[in-house]
Amino acid sequence: MIVAGLTGGIGSGKSEVARVWKACGAFVMDADTTAKSLMATDPLLREGLIEAFGDAVFLPDGSLNRPYLAQEAFEKGRVEDLNRLVHPAVHRETDRLIAEQRKKGTAVFVKEAALLLKYGRPENLDVVVLCEAPEKQRLERVQQRDGLSAKHILQRMAKQEGLFDAIDPDRDIIIKNNGTLAGLHKTAMQVWEQLSSSTGLNQRASSTSPDL
């Protein structure tokens, strides 16, 4: 089984690539969705959240108090405190799912995460696929998709600077998403062929791609 990490900045098209690969038969783990689930279900993580943010982080029925946690983490500048708690839990769950899918005979396991390389290159990845696009196109795509202001999007982009410095051009794959949606799908399929055949993992993939 090939274990691939899929990453890229906001508006880069990585989620679209993940959808293409899932349709091809890959097991796709969305790290963001997994993190949200673990904050509600993982005992160690729940304990850490209470220790760091107080009992109010969970509601009386045991569910996560998302508005409170968002206020504590984002409005009070404690995002890193939250990430340091959540990241190890997601890493443990990744290892569990990799082992599970390997037993099932899955050919390609994909971990989709914007923060994939934030704390260094995960040792459980065979290859990292990075989606890239010019800032102007990324800005336009996110505005069309989410209706956010340019200022808000640029602030989010600024926070993602330096996240992808661990990419190895001799080992990893870069998808240049600077054209049409059809172009991105074509490139995603080309990279899928490399992953599913377990060859060509040191090649750089590039093409024109989409307006996501």
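The values are calculated or read from the model by the stated rules, or taken from the named source; none is laboratory data. What you are looking at is a predicted structure, and each value in this text was computed from that prediction instead of being measured. In this analysis, Cβ positions are derived from the backbone assuming ideal geometry, glycine residues included, and neighbour counts consider all displayed protein chains.
Looking at the range 2-13, can you tell me whether even one residue there is in a helix (DSSP H, G or I) and of a type outside the set (A, V, I, L, M)? Taking every residue of the range 2-13 in turn, none turns out to be in a helix (DSSP H, G or I) and of a type outside the set (A, V, I, L, M).
Here LYS176 fulfils each of the conditions (1) touching a Leu at 6+ places or on another chain (Cβ under 8 Å); (2) crowded, with 16+ Cβ neighbours inside 10 Å apart from (1). GLU112 falls short on exactly one of the conditions (1) more than 19 Å from the chain's Cα centre (by Cα); (2) within 18 Å of ARG19 (Cβ to Cβ); (3) not aliphatic (A, V, I, L, M), and that condition is (1).
Quick grid of which residues meet (1) in the same structural domain as ARG19 (by TED's automatic domain parsing); (2) within 16 Å of the chain's Cα centre (by Cα); (3) at pLDDT below 95; (4) not in a loop (DSSP other than H, G, I, E, B):
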{"residue": "HIS91", "(1), (2), (3), (4)": "no, yes, yes, yes"}
{"residue": "THR94", "(1), (2), (3), (4)": "no, yes, no, yes"}
{"residue": "GLN101", "(1), (2), (3), (4)": "no, no, no, yes"}
{"residue": "ARG121", "(1), (2), (3), (4)": "yes, yes, yes, no"}
{"residue": "LEU139", "(1), (2), (3), (4)": "yes, no, yes, yes"}
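Does the range 10-27 contain any residue that is closer than 30 Å to LEU148 by Cα, outside the structural domain of GLN137 (by TED's automatic domain parsing) and either of a type in the set (D, E, K, R) or in contact with a Ser or Thr (Cβ under 7 Å, 6 or more places away or on another chain) (or both)? No.
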